[in-house]
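*Asks:* Let me begin by handing over the structure; questions about it come next.
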Amino acid sequence: MTPITRKDPKETRKWRRLAGIVVLIIGLPLISVAIESGIYRILSVSDSIKLILISQPVSKDVAPGTKRSTAKAGDQTIKYVLDASAAKITVNGKAAEFKDLKYYAAAQVRFELHKDTKEGIPVDGKATEIKIIIPPEVK
């Protein structure tokens, strides 16, 4: 019969540390928030609690009812309610106020997706940057 010996504590710590690093590498993408960016339609702006409702724009080529339509009549557009209280807002590269967003129909929005609530309203994410670019001929 062989005597039972204890494992070296340094060896045990080394394996535990290695296992922790592996779990961290595998689990980190699962717990991180998704960052979205793109051009969205601004549907609604709430000045009081600084929330915006945006949706993905539908191009004329894929709109339901057109000749070369790829969208079905039952397709729904994706809408997001975002907390924009801490968002950096610019119009043609110059800083703008939150209340000015109601004058524009589309914007380039960068936001982080995560479910939350703000004053009892379910929020889909948090806007970090809102850029509005006006073409020179429109001014």
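*Asks:* So is P136 modelled with pLDDT of 90 or more and either touching a helix residue (DSSP H, G or I) at 6+ places or on another chain (Cβ under 6 Å) or surrounded by fewer than 12 Cβ atoms within 10 Å (Cβ to Cβ) (or both) or not?
*Replies:* Working: modelled with pLDDT of 90 or more: no; either touching a helix residue (DSSP H, G or I) at 6+ places or on another chain (Cβ under 6 Å) or surrounded by fewer than 12 Cβ atoms within 10 Å (Cβ to Cβ) (or both): yes.
In short, no.
*Asks:* Pick from region 43-56 the residues that are under 15 Å from the mean Cα position of the chain (by Cα) and assigned to a strand (DSSP E or B): which of them is farthest from P122 (Cα to Cα)?
*Replies:* Taking region 43-56 as the starting set, the residues that turn out to be under 15 Å from the mean Cα position of the chain (by Cα) are 51-56.
Keeping just the survivors that are assigned to a strand (DSSP E or B) gives 51-55.
Details: L51: 11, I52: 12, L53: 12, I54: 14, S55: 16 Å.
Across region 43-56, the extreme among qualifying residues is S55.
*Asks:* Across region 91-121, what is the total count of residues that are under 16 Å from G38 (Cβ atoms), part of a strand (DSSP E or B) and more than 15 Å from the chain's Cα centre (by Cα)?
*Replies:* Within region 91-121, residues that are under 16 Å from G38 (Cβ atoms), part of a strand (DSSP E or B) and more than 15 Å from the chain's Cα centre (by Cα) number 1.
The values are calculated or read from the model by the stated rules, or taken from the named source; none is laboratory data. Everything numeric here is computed off the predicted structure, so don't read it as measured data. With ideal geometry, Cβ positions are generated from the backbone for all residues, glycine too; neighbour counts draw on all protein chains shown.
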